[in-house]
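What follows is one structure encoded as structure tokens, with my remarks underneath.
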Amino acid sequence: MSERTIALVTGANKGIGYEIAAGLGALGWSVGVGARDPERLEEAVGKLRAAGVDAFGVPLDVTDDASVAAAARLLQERGGRLDVLVNNAGITGGRPQEPTVVDPGLVRDVVETNVIGVIRVTNALLPLLRRSASPRIVNMSSSVGSMARQEAAGPGEGQGPISAAYAPSKSFLNAVTLQYAKELHGSNILINAGCPGFCATDLNGFRGYRTAEQGAQVAIRLATLPDDGPSGKFFDDDGEVPW
């Protein structure tokens, strides 16, 4: 079994996921780069290796059972365990998302990736995480999924555009994160949600005011929590975010 800490970052071929992989690799970790597109995956792994990261490719479509099972086998064969899982893969679903006109199929697709995909990957990799001395799970969420912040902003104000798919999918993900924390309480597995902030990535047409590298920092912090660190919480760079 590898002496290095082993991490998997889903959706890591670009944007925030790539920067999370780079940041964890800079710690001397061995980092699995999860991605659907083979060419983009190969390119990302090549860039990370050129930067000195012990990166390896993990072909992974979080919406596909067979793909996730194959990824679990690859990680088993490579290291025999997994220390950190960062569930970063996600989609916005496109427009329109006003609840009065949104296509229910669009909502279904977003939830399939942003929520069910997280459950599918997490459950497939839990046996490997349980073999780690200090396992960590980080679910990349968003402040637009905070019900408290949405309510505080008021109708038509702040916390992102009106969204009947993306924002509720992150609320759903937050709720699932909390349920995992409750079930895993008493184990050594810490699971938390992190908000990267409004980063300039192709997910939002590069409209964000933060860099992807800045957005990665919350995930890196949650991935490296001490054994007495929090679990079942939601954080951004400024601290804990209300559910």
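Miscellaneous remarks
- Of the helices (runs of 4 or more DSSP H) contained entirely in the stretch 13-126, those carrying at least 1 residues that are surrounded by fewer than 15 Cβ atoms within 10 Å (Cβ to Cβ) fall at 38-50, 65-79, 104-111.
- Near pairs, Cβ below 7 angstrom, 6+ apart or cross-chain, from the stretch 46-65 (touching a residue at least 60 places away in the same chain (Cβ under 8 Å)) to any residue that is in a helix (DSSP H, G or I) and of a type in the set (Val, Ile, Thr): 60/68
- Selection status of residue 133, out of contact with any helix residue (DSSP H, G or I) (no Cβ under 9 Å at 6 or more places or on another chain), among the small types (Gly, Ala, Ser) and farther than 16 Å from residue 196 by Cβ: yes
- Filter result for residue 151 (more than 30 Å from residue 228 (Cα to Cα) and in contact (Cβ under 8 Å) with a residue 60 or more places away in the chain): no
- Residue 170 being in a helix (DSSP H, G or I), surrounded by fewer than 24 Cβ atoms within 10 Å (Cβ to Cβ) and basic (Lys, Arg): no
- Residues that are within 19 Å of residue 218 (Cβ to Cβ) and either hydroxyl-bearing (Ser, Thr, Tyr) or not in a loop (DSSP other than H, G, I, E, B) (or both) within the stretch 1-12 comprise 5, 7, 8, 9, 10, listed in sequence order.
Only the coordinates and a few stated rules stand behind these numbers; no lab work does. Since we're looking at a predicted model, the values are computed, not measured. As a convention, Cβ positions derive from the backbone with ideal geometry for all residues, glycine included, and neighbour counts pool all protein chains shown.
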